[in-house]
1. What full-extension length gain, to one decimal in nm, is calculated for Leu46 and Val29 as 0.36 nm per residue of separation minus the Cα-Cα distance?
2. Taking each pair of distinct Cα atoms in the range 3-77 once, what is the resulting Kirkwood hydrodynamic radius in Å?
3. Starting from the Cα of Gln72, step 7 Å along the direction of its Cβ; do the same at Asn2; then give the gap between the two resulting points in nm.
Amino acid sequence: MNYIQVIERLKRAGMGETLLTVLDVIEPVGIIGAQMLYVMQPMARLMGDRQGDLSALARLLETPEGMAVLRQILAAETDGGSPGASTQPDARPPRNSRE
């Protein structure tokens, strides 16, 4: 399951607005959250994250552009759009120079 599927599942559970609020709160310290996800990556692989979804989410949290992508994915449902319809093409995590 990739991070987009996780976000879509949480939105279907009615947590879209809550996640947008959490994103607003963590945006100034997103880089710290990203670093925490990178540290947790080996454990996540042991628990089944074989595709690197945690790393993709960390890349999104690192940059303002990535935060905008997350906001776009989360706002799709709350703005009346269909979940996942317009978010798939733009949802590719930005690449950074560390890879």
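Each value in this text was obtained by applying a stated rule to the coordinates, not by laboratory testing. Since the structure is predicted, the reported quantities are computational estimates derived from the model, not experimental observations. Positions of Cβ are backbone-derived with ideal geometry, glycine not excepted, and every protein chain shown enters the neighbour counts.
1. That pair, Leu46 and Val29, stretches by 3.4 nm at full extension.
2. Details: mean 1/r = 0.0789 Å⁻¹.
The answer is 12.7 Å.
3. 1.4 nm
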